[in-house]
Every structure is written in structure tokens, then in C-alpha cells.
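The values are calculated or read from the model by the stated rules, or taken from the named source; none is laboratory data. Here the structure is a predicted model, which is why all the values come from computation and not from measurement. Note that we place each Cβ from the backbone using ideal geometry, even for glycine, and neighbour counts take in every protein chain shown.
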């Protein structure tokens, strides 16, 4: 059931209805500041399994538990002083922390069978109102079929998962458009498991050097072990010479600069933040436009550009 909600003043009746559905073990899609999430009661193993079935998601790919306030982290994870500092600095917001799980509380299916749990507190008013009304941690990966571009508006959610939902809360387009940054805080040094909406340099400025996950370490993060974000047509990255004349037509293009050759359909962004905000919707738009191949300009690395590079690599099959 699709319901429109005012993002700044979420209607209490609609939120209460959706919260009751979550408590019953049903699935509810809702907006966050990053992308739309597919929510279930994160402490109900059978409800979480419904997420995996609806998305076609591999069961060893852990989920993020979304919380309504920072204090709830202690109930599902072991939180040390460093993690508390990061929580105080960046929650609510697009930072996911991987911490040692309270394994007797969080079901293995939510954790992807790991001894850790991924946590974040979103900043979107609709998400916070829903989670608070549910009074439970809400497990919520992106609300799309596994491997597809993440949804940044309710239409994309309905296209992929409409029949699986008890409620779809339509809060309009998301603000950021790229998923949260995932940082592993279980070891001596912080590790970046997945670049995202919170730039790495902002975390490093606050907490010191952040390491990059090595092969195998990324499995503690959602969205790093399998091909993700991919449209149904091939995606090529433009970073230097590219034999445009050899590409099958029509060609779709997205980027911050004009393409070197005319494209059948183009999506241009003014800034790297606009590129991040519009990446997934542009992939879906170009796919619907009937192009044979999509060419994406390689973005600069600073700010959200690191996350953009990660998503483009994974969508193209190179990551």
C-alpha cells in the first residue's frame, strides 16, 4: 500500500499503521537521506528472511540495523569509547558502524552469520518517525531487487518490490542518493569497508587515519561482496580514451562534462554532489530510454566522488 507522507511533518496515523505492520513481521519501504530502505523487524528472524526473499539477496550478505536514537546501539552491540565518539559526531547521518554484536539479541540471519552487526541512525524525519514508532531496530537494505540500482524515489521501489510490501512510504526523492559509509570499528584501527555519503576525509579529520579494507575484510559490510547497482544494459566507465565509434547504439551517457561524441540520451550533472544524488535514477532513466550501452564519466575522488567511483565500478562489473 503506497502512502504519501510529509517528510518534515510525518502523518502520525500513517506512521503508526506502518509501524504496526513492521511489528507484525511485514515489510515496509521508507525513505532515508541516502536511498529508500526495505524495512523489517531486525530482531525477528523470520521477518528478516522475508527481506532476503523479496530482494533475492544472498543470505551471507549482512543487513544494517537502523536505530531511532544513539542509546539503542548498546542494546544490540558492544560499544566502546571510540565508537561512542563517532556516534556522537555523525549520528544521525550516513555513517554505518560495524561493531561486535550481542549475538543473543541480534539473530544470525540479520548479521549474515557474522559475529558483528552493522548499525546506523538515519537523519530523514520519516525514517526516524517510523523507527521510533516501531520501538525496535529496523533492518533495512536498499529497497530494490538485489543487484539493481538502488532506489532514490518511491517509483523505483514500486517497480522492483511493490508486490512484496505492506506499506511504501513515499517521502519524495532522497537527499544524498548514495548509501551510507560503512566503517569497521571492531579492531585496533578503523577500517573503511564501503565508501559512501559521509566522505572518508571527514571521518579521518575527526578520528585520525582510517585504513582501507583488504580482501576478505569487506564481507562484514553490506553491499561489498556481490555485483550491485547494475542496470540491465552494459555500463562502461569513461576515463580517457574510449572507442565511441565502436559502441553499439544508441548510447546513453551520464557525467559532469559533455560527451566527446553525441549520445542518444544524456544526463548531465553540475557538481559531483549532483552526480551522487542522481546516479541511480539516471541509470534507471537511461535503461528505460532503450539505450544499448551506458557510458559514465569517471568522477573526481574527493568528497562523495570516492563513493561514486565504488558504485560505478560495481555496476560495471569491474569492482
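Things worth noting here:
- There is at least one residue in the stretch 17-26 that is free of Cβ contacts under 8 Å to residues at least 12 places away in the same chain, assigned to a helix (DSSP H, G or I), touching a helix residue (DSSP H, G or I) at 6+ places or on another chain (Cβ under 9 Å) and in the same structural domain as residue 141 (by TED's automatic domain parsing).
- Residue within the stretch 189-211 that is surrounded by 14 or more Cβ atoms within 10 Å (Cβ to Cβ), under 15 Å from the mean Cα position of the chain (by Cα) and at pLDDT below 80 present: no
- Filtered residues of the stretch 94-146 (kept if in a loop (DSSP other than H, G, I, E, B), in contact with a helix residue (DSSP H, G or I) (Cβ under 9 Å, 6 or more places away or on another chain) and closer than 22 Å to residue 53 by Cβ): 106, 107, 112, 114, 136, 137, 140, 141, 143, 144, 145, 146
- For the stretch 54-74, the set of residues classified as in a helix (DSSP H, G or I) and in contact (Cβ under 8 Å) with a residue 60 or more places away in the chain consists of 54, 55, 72, listed by residue number.
- Evaluated against (1) in contact with a strand residue (DSSP E or B) (Cβ under 7 Å, 6 or more places away or on another chain); (2) surrounded by fewer than 24 Cβ atoms within 10 Å (Cβ to Cβ); (3) in contact (Cβ under 8 Å) with a residue 40 or more places away in the chain, residue 115 falls short on exactly one condition, (3).
- Scan of the stretch 255-290 for residues that are touching a residue at least 40 places away in the same chain (Cβ under 8 Å) and within 19 Å of residue 303 (Cα to Cα), ordered by number: 255, 256, 257, 276, 277, 278, 279, 280
- Criterion violated by residue 160 - all others in (1) surrounded by 21 or more Cβ atoms within 10 Å (Cβ to Cβ); (2) in contact with a helix residue (DSSP H, G or I) (Cβ under 7 Å, 6 or more places away or on another chain); (3) free of Cβ contacts under 8 Å to residues at least 60 places away in the same chain; (4) closer than 30 Å to residue 285 by Cα satisfied: (2)
- Exactly one residue out of 248, 300 is under 22 Å from the mean Cα position of the chain (by Cα) and surrounded by fewer than 17 Cβ atoms within 10 Å (Cβ to Cβ), and it is 300.
- Flag for residue 172 being at positive phi, touching a helix residue (DSSP H, G or I) at 6+ places or on another chain (Cβ under 9 Å) and buried (at least 24 other Cβ atoms within 10 Å of the Cβ): no
- A single entry from 35, 48 fulfils the requirement of being touching a residue at least 40 places away in the same chain (Cβ under 8 Å) and over 26 Å from residue 205 (Cβ atoms): 48.
- Among the candidates 165, 130, residue that is assigned by TED's automatic domain parsing to the domain that holds residue 85, within 25 Å of residue 60 (Cβ to Cβ), crowded, with 20+ Cβ neighbours inside 10 Å and more than 15 Å from the chain's Cα centre (by Cα): 165
- Screening residue 10 on (1) surrounded by fewer than 18 Cβ atoms within 10 Å (Cβ to Cβ); (2) in contact (Cβ under 8 Å) with a residue 60 or more places away in the chain; (3) closer than 28 Å to residue 145 by Cβ; (4) more than 19 Å from the chain's Cα centre (by Cα) shows it passes everything except condition (1).
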